[in-house]
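Inspection log for the structure reproduced underneath, given as structure tokens.
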Amino acid sequence: MNKIMIVIFWLLMGTSAFAVGVDEKRLSDPAEEARAQEIMKQLRCLVCQNQSIVDSDAGLAKDIRIIVRERILAGDTDQQVLTFMTERYGDWVLLKPPFDGATIILWLSPLLLLGVGFIIIIRNQRNRKMATSAPLSDEEQKRIAQLLNENGDN
Amino acid sequence: MIAELGHFALILACSLSVIQGVFPLYGSINGNGRMMGISLPAAYGQFLFVSFAFAALMYSFIVSDFSVANVATNSHTLKPMLYKVSATWGNHEGSILFWALILALFGAMVAFFGRNLPRKFHVTVLSVQAFVGLGFYLFLLLTSNPFERIFPFPNEGNGLNPLLQDPGLAFHPPLLYLGYVGLSVTFSFAVAALIEGRVDAAWARWVRPWTLLAWCFLTTGLTLGSWWAYYELGWGGWWFWDPVENAAFMPWLVATGLLHSAIVVEKRDTLKAWTILLAIIAFSFSLLGTFIVRSGVLTSVHAFATDPERGVFILLFLFLVIGGSLFLFALRADKLQPGGLFAPISRESMLIINNLLLSVSALVVMFGTLYPLLRDALTGEKITVGPPFFNMAFGSLMIPLIIVMALGPMANWKRADLMGILSRLKFMMVVSLVATLAFYYMAGGGAIMAAVWLGLGMWLLFSTLYEWSERIKLFKGGALKRILRQPRASMGMTFGHLGLAIAVLGMAATSYWDSEYQGIMGYGDKATIAGYEVTLNSTDGIIGPNYTAVRASFDVNKDGQKVTTLEPEARVYMTPPMPTTEAAILSTFLGDLFVVIGEANSENYDLWAVRLYFKPLQAWLWTGVAIMVLGGFISLSDRRFRTGTIKGKK
């Protein structure tokens with residue numbers, strides 16, 4: 001019974017694959033495997049939303065994991081592997097957008113927005129202080145003097 | 001028949017919203033009491049009819065009436081009853097109807113509980129609420145009719161996405177929507193205040209509980225979604241900066257800011273224009289979020305183009321609501337007289353910093369989410385803005401926020417003494433530093449940023465506790481009485497900040513010290529992770545109501561003692577055919593052991609792909625958020641929200 005069910009299960013399963021397939025070989029050198037993992041975390045699964053290929057169950061992600069390991073075995077540096085991927089898939093494949101002329105506004109947006117916010121706040125505060133503590137006009141001075149005099153008379 | 005009645009009720013609700021929007025507003029401007037009188041009955045009636053429409057749709061799902069197109073596309077007879085019911089709001093049309101339902105519910109609640117508000121103001125609020133509702137009714141009736149029939153109708157439905165067939169996700173959208181729509185009330189109050197040209201402490205007292213309620217629901221909804229992703233998607237991640245998550249996170253950030261700035265309006269009668277603006281922005285983000293998700297524009301630009309009718313409607317509606325309210329703001333903002341002055345170092349200033357950082361982070365999240373879209377539209381280049389960007393940009397904004405968060409509650413209104421506060425916290429700085437180093441050492445070192453986040457969490461934890469102990473004079477007689485007699489709002493603040501501290505510690509630990517094992521296991525094979533020894537015992541075939549699955553049984557031992565048996569499943573749903581992973585999790589105080597079963601080798605089915613994760617302090621994250629929400633509800637029960645709030649304004 002048990003076995004039949006499992007067979008039914010795998011028939012239904014069709015071509016879908018989980019992230020760790022039995023055929024997916026990890027690199028034998030732990031240091032190299034760790035490097036591969038780090039690189040994979042930076043690569044986008046091409047058919048998912050904002051997932052890295054480490055986290056993805058998609059078949060295509062698995063293929064790319066295999067390619068990354070192959071490149072590492074072939075002696076590529078981390079940067080070379082990333083370049084290898086961007087040459088094929090474009091910057092789109094990188095989860096972290098490159099810092100260049102077009103993305104500079106994106107990367108600097110937190111600082112820019114903070115700066116603008118600060119300027120607005122400081123200007124606002126200054127305006128308000130000026131508004132409330134504006135020096136008295138001549139007329140007001142006179143009236144104060146008058147009031148003081150009246151008091152003095154009584 | 002039932003579906004037609006539902007459709008009809010929806011049309012009636014739509015008509016009522018026009019009546020509720022137009023006549024009472026006219027009456028309140030011209031002082032016509034009769035016209036203003038329409039407002040309340042119309043609000044109740046609207047709620048009644050939308051409830052009926054929603055019930056009609058739910059009924060169609062429960063009885064699997066496949067002649068209704070929506071049911072045919074999203075349901076299936078074999079689906080368990082819970083998911084038949086939850087499918088009502090688990091699709092585009094149904095979820096918009098659900099939005100309209102909550103909107104009408106809150107409208108009716110404002111109508112009922114707001115009876116002691118000044119009449120003109122009350123009526124204006126309800127009019128604004130009705131106009132927002134009208135937008136949703138028209139969207140439903142013109143572009144997304146949930147009651148549309150198909151002929152010939154199929155004998156069986158297409159089923160619901162299996163990933164959505166989970167209790168966590170059944171209740172995630174309703175909670176999120178309660179939050180989104182709760183912000184509509186705040187929005188209506190803000191717009192009504194602009195129309196009337198006045199904002200005062202009584203206004204803030206009215207707006208605070210609604211914001212707080214919306215915030216509690218938003219927080220719960222977001223966390224439920226995150227928790228679901230954690231146990232359902234099968235690799236132990238809990239936040240992906242996915243556009244859909246971001247769409248829900250942006251209003252949360254602004255609502256959190258609004259919660260704090262409304263305090264300043266209430267206590268100090270200042271920051272009024274800013275608070276109104278935040279209320280408008282918070283709801284604009286909710287609308288944007290709903291429609292971004294619903295129009296599918298972020299998944300791909302093409303989803304938008306394939307259904308231009310909806311897209312154009314959405315754009316128009318967003319333009320009217322956001323543009324209109326901002327225009328009104330520009331016209332009227334200077335009418336809101338600023339109140340009390342304050343020094344650069346004061347509680348007001350710290351709350352402004354809070355607002356600045358939260359608003360900027362919401363904008364950065366928005367920019368990062370929309371950037372690929374903008375770039376694609378402008379240059380045709382495709383680019384990804386993924387977690388590394390958000391973690392860096394958002395994270396760096398949160399560091400100053402948490403630092404200030406510890407100081408804020410200790411600062412006086414108007415003018416505070418920063419050096420004094422720091423010297424009061426001197427001891428706590430040492431304590432948090434020691435705790436951080438001890439923790440860091442026990443975890444076996446790690447990234448510098450890990451220590452930074454740990455330090456921030458500890459700093460917030462200890463300084464919040466210190467502020468509390470100072471406030472209630474913990475070490476003097478009768479402290480217990482003072483603890484219990486604290487105003488609920490201050491209690492809520494303490495819980496909220498403590499909760500965040502605990503959540504930050506959890507996030508830091510689980511992000512930087514998680515460990516992982518991936519490998520192939522045969523029966524009886526052992527794998528070790530974080531001190532646990534995990535043995536694959538057996539696997540078994542399972543037939544569920546609408547899926548088949550393999551259930552594996554793992555023995556978990558620690559120090560030679562059996563701890564528990566974990567049984568993860570790999571399921572394959574029948575309609576639509578799709579595999580899902582059901583992770584098995586052993587959750588402890590120190591961390592979660594997370595087990596996932598994968599493929600077997602196709603010859604003998606005796607070797608299995610297995611993934612194990614250890615997520616240190618994962619439970620702290622969920623617990624921390626739960627404490628935050630608890631704080632929200634405690635604050636909501638504060639006396640001044642229940643009694644004597646509006647009397648002064650009458």
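So if I take the centroid of the Cα atoms in the range B:550-574 and the same for the range B:449-470, what is the distance between those two points in Å? For the range B:550-574 versus the range B:449-470, the Cα centre distance is 37 Å. Please give the Cα centre distance for the range B:256-271 versus the range B:195-233, rounded to the nearest Å. Here the answer is 15 Å between Cα centres. Residue by residue, the range A:69-84 carries 3J(HN,Hα) couplings of 5, 4, 4, 5, 4, 6, x, 5, 7, 4, 4, 4, 5, 4, 4, 3 Hz when phi is fed to the Karplus relation 6.51 cos²θ - 1.76 cosθ + 1.60 (θ = phi - 60°); x denotes Gly or Pro. Note on B:LYS120: aspartates and glutamates with a C-alpha under 18 Å away, same-chain residues under 8 apart excluded, are B:GLU196, B:ASP200.
Report, in debye and to the nearest 20, how large the dipole of the range B:1-160 comes out about its Cα centre when Lys and Arg carry +1 and Asp and Glu carry -1 on their Cβ.
Values: 7 positive and 5 negative charges, 127 e Å.
With Lys and Arg at +1 and Asp and Glu at -1, about 600 debye.
Simple rule: put +1 on each Lys or Arg Cβ and -1 on each Asp or Glu Cβ in chain B, find the dipole, and look at B:SER226, B:ASN355, B:PHE283; the Cα lying farthest toward the positive end is B:ASN355.
Using the alpha-carbon positions of the range B:1-160, Rg (one decimal) and Dmax (whole number) come out as 17.6, 58 Å. Using Cβ point charges alone (K and R +1, D and E -1), the dipole size of the range B:515-620 about the Cα centre works out to roughly 240 debye. Dividing the summed helix terms, -39500 (n - 2.57) for each DSSP H run of n ≥ 4, by the number of residues in chain B produces a 222 nm estimate of -21500 deg cm²/dmol to the nearest 500.
Cysteines of the protein assembly as shown lacking any other cysteine Cβ under 4.7 Å from their own Cβ: B:CYS14, B:CYS216. Dividing the alpha-carbon radius of gyration of the range B:143-277 by the rule-of-thumb value 2.2 N^0.38 Å gives 1.38.
Applied to the range B:223-232, the Karplus parametrisation 6.51 cos²θ - 1.76 cosθ + 1.60 on θ = phi - 60° returns per-residue 3J(HN,Hα) values of 5, 4, x, 5, 5, 4, 4, 4, 8, 9 Hz, with x for Gly and Pro.
Residues whose amide H falls under 5 Å from that of B:TRP608, counting only those 5 or more places apart or on a different chain, are B:MET521, B:GLY522, with hydrogens built in the peptide plane. Every Cα-Cα pair of the protein assembly as shown was included, and the share exceeding 45 Å stands at 32 percent.
Under 5 Å between amide hydrogens, built in the peptide plane, is the criterion, and for B:ARG149 it picks out B:ALA69 among residues at least 5 positions away or on other chains.
With viscosity 0.890 mPa s and temperature 25 °C, the Kirkwood radius over alpha carbon pairs of the range B:559-624 converts through Stokes-Einstein to a diffusion coefficient of 177 µm²/s.
Hey, which of these cross-link pairs are over 22 Å Cα-Cα: A:LYS25/B:LYS562; B:LYS272/B:LYS473; B:LYS272/B:LYS335; B:LYS267/B:LYS481; B:LYS562/B:LYS615? Write down the numbers at each step before the final one.
On the way: A:LYS25/B:LYS562 31 Å; B:LYS272/B:LYS473 34 Å; B:LYS272/B:LYS335 10 Å; B:LYS267/B:LYS481 25 Å; B:LYS562/B:LYS615 20 Å.
In this structure, A:LYS25/B:LYS562; B:LYS272/B:LYS473; B:LYS267/B:LYS481 exceed 22 Å between Cα atoms.
Computed over the range B:515-620, the convex hull of the alpha-carbon atoms projects to a mean area of 7.2 nm².
Taking 37 °C and 0.692 mPa s as conditions, the range A:37-102 diffuses translationally at an estimated 276 µm²/s according to Stokes-Einstein applied to its Kirkwood radius (Cα pairs). The 3J(HN,Hα) values that the Karplus relation (6.51, -1.76, 1.60; θ = phi - 60°) gives for the range B:276-288 are, in residue order, 4, 4, 4, 4, 5, 5, 4, 6, 4, 5, 4, 5, 4 Hz. Gly and Pro appear as x.
Per residue, the average separation of C-alpha pairs within less than 8 Å and at least 6 apart gives chain B a relative contact order of 12 percent.
Loop sites here are chymotrypsin sites (Phe, Trp or Tyr not before Pro) outside DSSP states H, G, I, E and B with no more than 10 other Cβ atoms within 10 Å. The longest part of chain B free of them is B:1-474.
In debye, nearest 20: dipole of chain B around its Cα centre with unit charges on the Cβ of K, R (+) and D, E (-)? Before the final figure, lay out each step's value.
Working: 44 positive and 37 negative charges, 805 e Å.
Here the size comes out at about 3860 debye.
Ordering A:CYS45, B:PRO173, B:GLY135 by Cα displacement along the dipole of the protein assembly as shown toward the positive end leaves B:GLY135 in first place; charges were set at the Cβ atoms of Lys, Arg (+1) and Asp, Glu (-1). Near A:GLN51, the amide H atoms lying under 5 Å from its own belong to A:CYS45; only residues 5 or more places off or on other chains count, and H is placed 1.01 Å from N.
Here the Kirkwood formula, the inverse mean of 1/r across different C-alpha pairs, assigns chain B a hydrodynamic radius of 26.9 Å.
Only the coordinates and a few stated rules stand behind these numbers; no lab work does. These numbers come from a predicted model, not from an experiment. Here the Cβ is made from the backbone with ideal geometry for all residues, glycine too, and neighbour counts use every protein chain on show.
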